[in-house]
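The values are calculated or read from the model by the stated rules, or taken from the named source; none is laboratory data. Because the structure is a prediction, the values reported are computed rather than measured. All Cβ positions, even for glycine, are placed from backbone atoms using ideal geometry, and neighbour counts span all protein chains on display. To get the accessible areas, we keep the full protein, side chains included, count just its heavy atoms, and leave off ligands, DNA and RNA. Shrake-Rupley method; radii C 1.70, N 1.55, O 1.52, S 1.80 Å.
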Amino acid sequence: MFDKNLFILEELFGKEEVSVKLDRLKYIFENTEEKWAENLKLLKNSEIRYLLICEAPPFSEIEPPKYFYNYHNKNFNKEIWKTFYPNEIFPNDKEYYFNKLVEVGFLIIDTLPFSMFFQNKRKNKNYYNLLKNSFEWFIEKLNQEELKLSKNLKIAFGFKVNAERFIEITKGNLKLKNNITLNFNKDNIAYDGSGVPHAKVLRKIFFSESEYSIYKYFNGEEENPYKLENDFELSFLNPKSLFWHYEKNHFVGERNGDNEDYKNFIENLIHNKLSEYHRSDYELWQMYFENAVK
């Protein structure tokens with residue numbers, strides 16, 4: 001795919017510029033493909049739940065190349081961390097960082113195999129042709145046997161014009177393996193005017209408000225916002241903390257395939273669990289609703 005589409009790249013940038021950068025472009029391509037494949041090995045026991053579609057690693061002379069899976073402390077990586085772990089300190093450990101992204105089922109994939117500066121080129125017809133001709137490479141990567149795609153896969157795009165051209169080519173529809181179909185439009189673009197996708201925009205795309213609407217206390221936080229310092233999380237003196245803890249457990253259970261109805265979950269929680277520590281079901285129900293924060 002790389003060699004096959006070089007002629008379009010030359011039409012877009014000129015033969016001289018491509019010729020000067022060719023060896024480096026090939027090296028970046030080979031390196032980033034290898035790193036992407038290494039990340040797939042980490043994902044072998046995890047479902048992909050969140051897919052971020054980007055353009056290509058930027059051209060660079062540094063070693064290793066500027067690529068999401070080569071580094072963990074770039075601004076781009078930090079925004080991804082804040083997307084899924086907004087209340088956790090950014091880790092210094094690279095291995096820990098990527099393992100935590102594996103836990104939530106996050107994957108980045110590029111639409112182009114060429115690490116060029118495409119600014120001011122994206123509305124050119126040759127850019128469109130390059131994107132269209134690279135689609136086979138893109139879709140084959142997503143349909144690899146090693147990848148386990150969630151039937152509820154959420155999709156976002158990292159860069160505005162690249163996304164608009166991709167949506168134009170695909171007509172907002174991707175048919176993937178295991179009868180998974182993704183539908184998307186410009187609302188899936190995580191663009192806020194900055195150079196990288198912003199965590200706040202990505203969270204809005206990946207985590208719709210309705211995802212947490214059934215809960216009265218839990219709103220997607222990683223850490224319990226109601227727990228008092230040096231206090232027990234499950235204290236009846238702090239009902240918000242108590243019920244937040246159980247609602248988060250229900251949410252995690254749903255993500256792991258335990259689709260227990262939420263109403264039944266709360267009923268069982270009060271009748272079978274909390275009543276072990278508190279005799280009156282009525283008081284527990286009263287506590288649950290009177291302290292609700294939504």
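Residue under question is Leu182, and the condition is that it be in contact with a strand residue (DSSP E or B) (Cβ under 7 Å, 6 or more places away or on another chain), within 25 Å of Asn77 (Cβ to Cβ), not hydroxyl-bearing (Ser, Thr, Tyr) and not in a strand (DSSP E or B); does it hold? Lay out the reasoning, then the answer.
On the way: in contact with a strand residue (DSSP E or B) (Cβ under 7 Å, 6 or more places away or on another chain): yes; within 25 Å of Asn77 (Cβ to Cβ): yes; not hydroxyl-bearing (Ser, Thr, Tyr): yes; not in a strand (DSSP E or B): no.
Criteria not met by Leu182.
The combined condition, being in contact with a Phe, Trp or Tyr (Cβ under 8 Å, 6 or more places away or on another chain), more than 30 Å from Glu88 (Cβ to Cβ) and open to solvent by less than 30 Å² (accessible area, probe 1.4 Å), is fulfilled by Phe166.
Considering only region 185-204, state which residues are open to solvent by 30 Å² or more (accessible area, probe 1.4 Å), modelled with pLDDT under 90 and either outside any loop (DSSP other than H, G, I, E, B) or among the acidic types (Asp, Glu) (or both). Break it down stepwise before answering.
Here is the first cut: in region 185-204, the residues open to solvent by 30 Å² or more (accessible area, probe 1.4 Å) are 185-187, 191-196, 198, 200-201, 203-204.
Filter once more, so that each one left must be modelled with pLDDT under 90: 191-196, 198, 200-201, 203-204.
Residues satisfying the conditions are Asp192, Lys200, Val201, Arg203, Lys204.
Is it the case that region 167-175 has a residue that's modelled with pLDDT under 90, under 27 Å from Lys41 (Cβ atoms) and under 19 Å from the mean Cα position of the chain (by Cα)? Checked region 167-175: no residue is modelled with pLDDT under 90, under 27 Å from Lys41 (Cβ atoms) and under 19 Å from the mean Cα position of the chain (by Cα).
Quick check, is Glu247 of a type in the set (Asp, Glu), surrounded by 13 or more Cβ atoms within 10 Å (Cβ to Cβ), modelled with pLDDT of 85 or more and within 29 Å of Val104 (Cα to Cα)? Judged against the criteria, Glu247 is a match.
The single condition among (1) on the phi > 0 side of the Ramachandran plot; (2) out of contact with any Lys or Arg (no Cβ under 9 Å at 6 or more places or on another chain) that Val102 does not meet is (1).
Given Lys160, Lys151, Lys125, which one is surrounded by fewer than 19 Cβ atoms within 10 Å (Cβ to Cβ) and within 30 Å of Val252 (Cα to Cα)? Please lay out each step first, then the result.
Details: Lys160 fails: within 30 Å of Val252 (Cα to Cα); Lys125 fails: within 30 Å of Val252 (Cα to Cα).
Of the residues listed, the single one that is surrounded by fewer than 19 Cβ atoms within 10 Å (Cβ to Cβ) and within 30 Å of Val252 (Cα to Cα) is Lys151.
For Ser134, the conditions (1) in contact (Cβ under 8 Å) with a residue 60 or more places away in the chain; (2) under 16 Å from Glu164 (Cα atoms); (3) surrounded by fewer than 16 Cβ atoms within 10 Å (Cβ to Cβ) are fulfilled apart from (3). Scanning region 23-65 for residues that are at pLDDT 95 or above, among the hydrophobic types (A, V, I, L, M, F, W, C) and assigned to a loop (DSSP other than H, G, I, E, B) returns a single hit, Ala56.
Could you pull out the residue among Lys74, Lys82 that is without any contact (Cβ under 8 Å) to a residue 60 or more places away in the chain and assigned by the TED database to the domain that holds Lys151?
Selected residue: Lys74, the only one of Lys74, Lys82 that is without any contact (Cβ under 8 Å) to a residue 60 or more places away in the chain and assigned by the TED database to the domain that holds Lys151.
The residues listed here are Pro91, Pro113; of these, the one that is assigned by the TED database to the domain that holds Ile62 and either loosely packed, with under 15 Cβ neighbours inside 10 Å or modelled with pLDDT of 95 or more (or both) is Pro113.
Of all residues in region 94-129, those satisfying the criterion of being of a type outside the set (Phe, Trp, Tyr) and under 19 Å from Asn173 (Cα atoms) are Leu107, Ile108, Ile109, Asp110, Thr111, Leu112, Asn129.
Hey, any hits in region 24-43 for a residue that's of a type in the set (Ser, Thr, Tyr) and either within 21 Å of Phe206 (Cβ to Cβ) or without any contact (Cβ under 8 Å) to a residue 12 or more places away in the chain (or both)? No, every residue in region 24-43 fails to be of a type in the set (Ser, Thr, Tyr) and either within 21 Å of Phe206 (Cβ to Cβ) or without any contact (Cβ under 8 Å) to a residue 12 or more places away in the chain (or both).
Restricting to region 41-72, and then to whatever is surrounded by 16 or more Cβ atoms within 10 Å (Cβ to Cβ) and among the aliphatic types (A, V, I, L, M), can you tell me which residue is farthest from Ile167 (Cα to Cα)? My answer is Leu43. From the list Glu47, Glu10, Glu34, Glu30, the one residue that fits, being among the charged types (D, E, K, R) and more than 30 Å from Lys148 (Cα to Cα), is Glu10.
Is there a residue being of a type in the set (Phe, Trp, Tyr), out of contact with any strand residue (DSSP E or B) (no Cβ under 9 Å at 6 or more places or on another chain) and over 24 Å from Phe251 (Cα atoms) anywhere in region 89-105? Step through it out loud before you land on a result.
Of the residues in region 89-105, the ones of a type in the set (Phe, Trp, Tyr) are 90, 96-98.
Subset that is out of contact with any strand residue (DSSP E or B) (no Cβ under 9 Å at 6 or more places or on another chain): 90, 96-98.
Filter once more, keeping what is over 24 Å from Phe251 (Cα atoms): none.
No, there is no match, as no residue in region 89-105 is of a type in the set (Phe, Trp, Tyr), out of contact with any strand residue (DSSP E or B) (no Cβ under 9 Å at 6 or more places or on another chain) and over 24 Å from Phe251 (Cα atoms).
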